[in-house]
Each structure stands twice: as C-alpha cells, then as structure tokens.
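What follows is calculated from the coordinates using simple rules that are stated; it is not laboratory data. Being a predicted model, the structure only gives us computed values, none of them experimental. Virtual Cβ from ideal backbone geometry, glycine too; neighbours counted across all protein chains shown.
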Amino acid sequence: MHAPSETMDIITWQHFEQTDIRVGTITAAEDYPEARKPAYKLTVDLGPLGSKRSSAQITKHYTKEELVGRQVLCVTNLGNKQIGKFISEVLVTGFADENGDIVLAQPAGKVPNGSKLM
C-alpha cells in the first residue's frame, strides 16, 4: 500500500510493454573502487542477448562470491550509461531496504537466461 505522500504516475499498457525486463545469471562480480558509492561491476549472462555488464550498488547485502551464479532481473533496453569510467549496459533491478541498501529482484525459481518478464 502506498503512503499518502507517494504519487503514482499512470502509464499505458503499451509503455509498460516497451520495457524489456529479462532474467540473467551473474557470471562475474568485481570490485569497483572508482565508484562514488560502493559498487560492484557485474557481468550477466542473458542467454540469447549475450553477456552484458552492469554497475550495481549492492555491496551491503552481497559479497562478490555469493553473487556469481545468482539469477537477477535486468532492464535491457535503457541503452548504455556511463558510470565513471565504466559503461553499464543493463540495469540490474532491486528494492531499497529500510536503510536504503539495495536487495536484488530475483525470480522465485530457476528460469532460462534471457527469459522475458511477462
């Protein structure tokens, strides 16, 4: 339920369908010491879309070692974003916890890499 101070912009179903959210498996996680906020550089296998890179501020809840092999939901059609000297190709999604630290959005069970959110 939304707090009274929150607002929701309503979009059309067609706008939602334009957002390409796919599942992928993290195959590599590296430190990103140059980032302004603590972050990792991730490589995500998105099946038929290939491997894509992303920067993710998820260091509070995850170690690099426990990220490898984990499936995550990625927005794949936002285009590249330069984050410092790093180019992020997809947005790995998550939710802020009570402290503002990110908890990854993940499928409840294993699904093929590249599967689209329906």
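A few points about this structure:
- Farthest toward positive dipole pole in the chain [+1 Lys/Arg, -1 Asp/Glu at C-beta], among Gly84, Ile102, Trp13: Gly84
- Length gained when the stretch Thr27-Arg70 is fully extended (0.36 nm per residue, less Cα-Cα span): 14.7 nm
- Cross-link partners of Lys37 among lysines (Cα-Cα below 19 Å; sequence separation of 8 or more within a chain): Lys60, Lys64, Lys81, Lys85
- Count Lys and Arg as plus one, Asp and Glu as minus one, and take only other residues whose Cβ is under 14 Å from that of Thr43; the net charge is then +1.
- Spin-label zone in segment 90-116 - amide nitrogen under 19 Å from a point set 7 Å from the Cα of Lys37 along the C-beta vector: 90-106
- Long-range Cα-Cα pairs in the chain (distance over 21 Å), rounded percent: 41
- Once Rg and the Kirkwood radius are both taken over the C-alpha atoms of segment 52-118, their ratio Rg/Rh works out to 0.95.
- Per-residue 3J(HN,Hα) values for segment 96-109, derived from phi via the Karplus relation 6.51 cos²θ - 1.76 cosθ + 1.60 with θ = phi - 60°, read 7, 7, 5, 9, x, 7, 7, 10, 5, 8, 9, x, 6, x Hz in sequence order (x marks Gly and Pro).
- Overall form of segment 19-74 per C-alpha gyration tensor (a/c, 1.5; a/b vs b/c): prolate
- The gain in end-to-end length when the Thr63 to Glu6 segment is fully stretched comes to 17.3 nm, 0.36 nm per residue minus the alpha carbon separation.
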